[in-house]
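The values are calculated or read from the model by the stated rules, or taken from the named source; none is laboratory data. Here the structure is a predicted model, which is why all the values come from computation and not from measurement. Quick reminder, even Gly has a Cβ in these numbers, built from the backbone with ideal geometry, and neighbours come from all protein chains shown.
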Amino acid sequence: MDLRALRYFVAVVRARSISAAAEELHIAQPAITRQLQKLEQQLGAQLLERSGRGVQVTKAGFMLMERAEALLRMADDTRDYISGTENMAVGNVVLGLPPMAGAALAPPIVDHYLKVWPQISLRLLEGSSPSLHEWVLDRRIDLAVLHNPVSLPELDIEPISYEQTVLIGPGKTAHGNLPPIKKSISVGDLADIPLIMPALPHANRRMLDNAAKQFGVRLQIRSEVDSITLIKALIRYGQGFTVTTYASVQQEVERGELQAYFLDRPPLISVFAMVRRREMRGSWLTNELAQTVKTTLTQLIATGQWQGSHRRGREDVELQH
């Protein structure tokens, strides 16, 4: 369909008169009439009923009016997007992040957009892995970054790093009476360790439960807590241990508030991935955001701000001892 014909049609419907629309558009009436007739021929339906008092919209005309206005708005937005902003990209994009990873990723990503794409509106939402999954499926967010995503037909999943998980316990000055932990432990050792873990279907809990089932281990879950901040507080107080990625507790370990123990018999690898709906593959805004996330994570790993992670693959994952 010709956009010009759609513009003439919308103008006629709004003016309720071909002559009034012609005057408003500064176009001769016969030119508008020809375009309307051409449009009706293309669609195979009568759009307007003409009379001496003007025009009346048919049922088909009402249906086209709704679509025509949307198409014309999109055409105008596209024109402005390409040529009306002094060669600057414009648009809106929403990124979903998990709490701890988001604290490290968000500042450099926002800084990048402020410097490189100042006219793109970047919105950030924080949520647990199940929430991020749901928000992607509901189109509430364009792109999510999370651990161990669940594969679904509607989703496009791109792993960006692999991280070794560790057992995290309190620092040396913690309260409580907890069992001594070896520096390197196995999955089987977890049977004797009081754990504080998120409830299912949290990604870390799902991964740990699967490993325990595989090795015939009965886990000692002391508390189920769905906030990593609360889990850290309980561990610092000496209430138990948790299993998570090293990057999520790196700062607390470096300050001596928490201790990390290597869970390496066998290592439990957590996949850190970007998730979007499959139809978003063709979105320039989403693709640019995905590239920014990957570049940011690579820089954090290279500078040691994101330890225990590797970009290439599972077999290359190493945690600094």
For this session: Identify, from the list GLN35, GLN41, GLN29, GLN56, the residue that is surrounded by fewer than 15 Cβ atoms within 10 Å (Cβ to Cβ) and within 45 Å of the chain's Cα centre (by Cα).
Result: GLN41
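Return yes or no: is LEU122 over 11 Å from the mean Cα position of the chain (by Cα), part of a strand (DSSP E or B), in contact (Cβ under 8 Å) with a residue 60 or more places away in the chain and more than 15 Å from VAL150 (Cβ to Cβ)? Explain how you work it out, then say what you get.
On the way: over 11 Å from the mean Cα position of the chain (by Cα): yes; part of a strand (DSSP E or B): yes; in contact (Cβ under 8 Å) with a residue 60 or more places away in the chain: yes; more than 15 Å from VAL150 (Cβ to Cβ): yes.
The answer is yes for LEU122.
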For this session: Quick one: ALA203 ticks every box in (1) in contact with a strand residue (DSSP E or B) (Cβ under 8 Å, 6 or more places away or on another chain); (2) surrounded by 15 or more Cβ atoms within 10 Å (Cβ to Cβ); (3) modelled with pLDDT of 90 or more except a single one, so which number is it?
Result: (3)
Problem set entry | Residue list for segment 59-71, filter: surrounded by 17 or more Cβ atoms within 10 Å (Cβ to Cβ) and out of contact with any helix residue (DSSP H, G or I) (no Cβ under 6 Å at 6 or more places or on another chain) | GLY61, LEU64
Problem set entry | Matching entry among VAL145, VAL136, VAL150 (being in a strand (DSSP E or B), of a type in the set (Val, Ile, Thr), touching a residue at least 12 places away in the same chain (Cβ under 8 Å) and in the same structural domain as LEU285 (by TED's automatic domain parsing)) | VAL145
Problem set entry | Single residue of segment 199-250 satisfying the filter (of a type in the set (Val, Ile, Thr) and assigned to a strand (DSSP E or B)) that is farthest from the chain's Cα centre (by Cα) | ILE221
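Hey, does segment 166-174 have a residue that's within 22 Å of GLU288 (Cβ to Cβ), exposed (fewer than 15 other Cβ atoms within 10 Å of the Cβ) and either free of Cβ contacts under 8 Å to residues at least 24 places away in the same chain or not acidic (Asp, Glu) (or both)?
No, there is no match, as no residue in segment 166-174 is within 22 Å of GLU288 (Cβ to Cβ), exposed (fewer than 15 other Cβ atoms within 10 Å of the Cβ) and either free of Cβ contacts under 8 Å to residues at least 24 places away in the same chain or not acidic (Asp, Glu) (or both).
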For this session: Output the residues belonging to segment 188-247 that are among the aromatic types (Phe, Trp, Tyr) and either closer than 24 Å to GLU126 by Cβ or without any contact (Cβ under 8 Å) to a residue 40 or more places away in the chain (or both).
Result: PHE215, TYR246
